[in-house]
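Chemist: Shown below is the structure under consideration.
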Amino acid sequence: MSSVVTTVIPTFRRPGTLRRALRSALAQTYNHTRIVVLDDASGDETEAAVRAFNDPRIEYRVQPANVGYARNTAIAVQSVRTE
């Protein structure tokens with residue numbers, strides 16, 4: 001069995017860029033992937049942009065309050081459970 005690779009995408013109020021990043025991550029030829037999107041309390045259409053993909057490889061999480069880029073990224077990286 002192939003190892004699963006996790007792609008971490010921290011985001012804040014950039015649904016257009018996030019869509020492009022998700023399309024790119026999903027288009028990779030290596031199929032054993034997990035994508036974690038950690039939204040830093042955007043409060044915009046970010047969640048809808050993620051949900052529109054309807055792909056079980058994508059895990060969407062949202063911070064209850066804005067924690068800033070560095071902390072949001074660190075939390076996202078800490079969520080990785082793959083080798």
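Bear in mind that the values in this text are calculations on the coordinates, not laboratory data. From a predicted model like this one, the values you see are computed outputs, not experimental measurements. Please note: Cβ atoms are built from the backbone with ideal geometry, for glycine as well, and neighbour counts cover all protein chains shown.
Chemist: Mind counting the residues in region 24-43 that are surrounded by fewer than 16 Cβ atoms within 10 Å (Cβ to Cβ) and small (Gly, Ala, Ser)?
Modeler: 4
Chemist: Select from region 44-83 the residues that are among the β-branched types (Val, Ile, Thr) and in contact with a helix residue (DSSP H, G or I) (Cβ under 8 Å, 6 or more places away or on another chain) and write down the one among them that is surrounded by the most Cβ atoms within 10 Å (Cβ to Cβ).
Modeler: Val50
Chemist: Are any residues in region 31-71 closer than 11 Å to Thr11 by Cα and in contact with a Leu (Cβ under 6 Å, 6 or more places away or on another chain), and if so, which ones?
Modeler: Listed by number, the list holds a single entry, Arg61.
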